[in-house]
1. What is the gain in length, in nm to one decimal, between Q411 and E495 on full extension, counting 0.36 nm per residue of separation less the C-alpha to C-alpha distance?
2. Please find the FRET efficiency linking L381 to T257, where r is the Cβ-Cβ separation and R0 is fixed at 51 Å, and quote it to the nearest 0.05.
3. Expressed as an acute angle from 0 to 90° and rounded to the nearest 10, what is the orientation of the C-alpha long axis of helix 463-475 relative to the principal long axis of the chain?
4. What FRET efficiency would be calculated for the residue pair K123, A362, taking the C-beta separation as r and a Förster radius of 30 Å, to the nearest 0.05?
5. In nm, to one decimal, how far is the K40 label point from the N75 one, both placed 7 Å along Cα→Cβ?
6. Output the antiparallel fraction of DSSP beta bridges having both residues in the chain, as a percent to the nearest 5.
7. Past 29 Å, Cα to Cα: identify those pairs from K188/K217; K107/K382; K391/K414; K40/K110; K6/K361, in the order given.
8. Give the calculated FRET efficiency between A205 and Q482 to the nearest 0.05, with a Förster radius of 45 Å applied to their Cβ-Cβ distance.
Amino acid sequence: MKDNSKINILVVDDEKYICDIIVEALSSENYHTVSISDPKQALEYIEQKPVDLVLTDLIMGEYSGVHILEATLANHSDAIVILMTAHPTVQTAISVLKKGAYDFLLKPFKLDLLKATINRGLKHQRVVRENLSLKGQVEFLKIANASQTGIEIDSFLKLVVSACKKEMSARAAGIIEIDPGSKEPFRKICDSDGEEWGREVLDEATLQQFAYTKSAKPVIQTETITKENGAAVKTFISQPIFIRRRLHGLINLLIQTRFGRITPGQLDVLTILTNSAASAIANHRLYQDVQSSYLQAIRGLANAIEARDKCTAGHTDRVSKLAGLAARHLGWNESQIHDLVMGCSLHDIGKIGVPDSILNKADKLTEEERRSMNSHPRMGLKIIQGIDLFKPAIPYITAHHERYDGTGYPQGLKGEEIPVEGRLLAVVDAFDAIMANRPYRKGAGLRAAVSELVAYKGIQFDPKIVDVFLEMLVQEHIDFGQMYGCDEDTSFLRELPISEKALV
C-alpha cells in the first residue's frame, strides 16, 4: 500500500455523519485524516496544524466554506481546497473557484468521484511543489555560477584557452570537451599561432592516454627538433579535466622553447585554469539538467491541461510542428526556433487555473465563463514569471489571443504592437482549432481552415504571416491525414493569391 500517512487531510462539515462517512471512505487510502464538524474549531485547527487538502461544506451557518477556504490559503498557500454543497449555482461555483478553490463537488456524490477528485488535487499539488523546488534550484545555480553570469559556455572556455596559451607561453592551446549530450561528441575550442599547431592540440587521439586512469596529473611529452637557428624543444602537455572522477575532456598545450623548461608555477596556473574549465563545464551541464527538468515539469502541466481539456488533445505538438515550419519560412534562426518550441509548449499553461467544467463545455460560454477562460494568458504569465529560463515563452503565452485589429485580449494590442511571436502563434493556433476533431464535431477541413485565415487577414491575423504560413503549406509536404485524420487534395493551395512582397 502506498504510504500516504504524511498527507494531512481535513474534512469540515457541520453534519457529523457526513464527516464520518468521508473519513471511513478515505481510511483505505492511509491518509492522515481529521474531521471537524464545528467550523470555528476547524478555523483554529487550520491556523495551528499542517494541512495539505481541505474538503469542506459550503453552507454551515455563521462560518461558511468560503471562510475555511480563505483561512486555508492564508495559512497554507499550496493547499488544495475542495468545496461541497447541495445547493449549487453557477455564480457560486465561479466565485469560489476564483478565490482559489481547486474543485467543487455537488452533494450527494459518489465516493469514487470523491476519491478521484482528491487524487487529482494531490497530483496537481505535487507538480506545483516540484516546480517550486526546481525554481529554487535554478536560483541557487545562478548564485553559484555568478562568476559566469551572462557568458555562454563557449565564450568562457575560449577565455580559459586564451589564458592558458598566454600564461604557458604556448604556440597553441585547445580544449577537447567530451559532450555526449550534443549532436557532436566533442566540443573543441582552440587558440593557436597557426592552423598546423591548432590541429595537434585538437587531436581526439590525445584522450586515449587517460582512458584507463583516474589521475588528474598532466602528461608532459618532449621532443627535440632541429631548426635553422639551432635546436628547440617541443613540449606537448595534456591536462585532463575530471569532474566527479570521470574524464570530461582535456586541455592540450603545444609549447616550443629553446630549453623546454616548464616551471612549477606554470603548472600551478594550468591547474587553476583547468579547475575553472571543469567548474564551468559542470555548472553548464547542471544548468542544462535543471533547465531540462524544469521544462519537463512545466510540459507535464501542459500535458495535464490537454488531459483535462478534451478539445485540445495533441494540440501542443501539432502547433509546435506547424509554427516551427512557418518560422523557418520567415527566416528565423535556430535560437528563435528553440524559443518557439518552448513557447508553443507553454502557451496554454494558464489553463491549469480554468475549471474542467469550462474547458470541456460544448455549448456557448456564459459571460462569466468567458472571462474565466480569457484569463488564461495572464494566469500563464504568473506561473512562469520570474524564471529567467522561460522568459522567451512570455510573448507566446501573453499574446496569442491578441487580434491584429486591436480587439483581442488580454491587452487589446494592435498590429505590430503585438509581438511577432504572438502574431505567428495566433495564425497557427486558429488553423489547428479549425482542422482538429472535437468530441462534439469533426474538423472543418483544410479548405475551410485556409478560407478562414484568408478572410481574417488584417482583422484577426497579420497578413504577412498568413501569406508566409500558406506558402509554407504549399512548399512543405505535410501529412494532414496523419496529423488530422483528413486526406485532402492540397493542389488548390497553389492557386491562392499569396503576396510575393510578404515573402521577402
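Any read-out appearing in this document is the output of simple, stated calculations on the displayed coordinates, not a laboratory observation. These numbers were taken from a predicted model, which means no experiment stands behind them. Cβ sites come from the backbone with ideal geometry, for glycine too, and all protein chains shown count toward neighbours.
1. On the way: separation 84, 0.36 × 84 = 30.24 nm, distance 3.64 nm.
Extra length available between Q411 and E495 comes to 26.6 nm.
2. Working: r = 60 Å, r/R0 = 1.18.
Plugging the Cβ-Cβ distance into 1/(1 + (r/R0)^6) gives 0.25.
3. 70
4. Details: r = 26 Å, r/R0 = 0.86.
After rounding, the FRET efficiency stands at 0.70.
5. About 1.6 nm, to one decimal.
6. Numbers: 34 of 53 bridges.
Around 65 percent of the beta bridges assigned by DSSP in the chain are antiparallel ones.
7. Working: K188/K217 21 Å; K107/K382 33 Å; K391/K414 22 Å; K40/K110 27 Å; K6/K361 36 Å.
Pairs exceeding 29 Å: K107/K382; K6/K361.
8. Working: r = 46 Å, r/R0 = 1.02.
Taking R0 as 45 Å, the efficiency between A205 and Q482 is 0.50.
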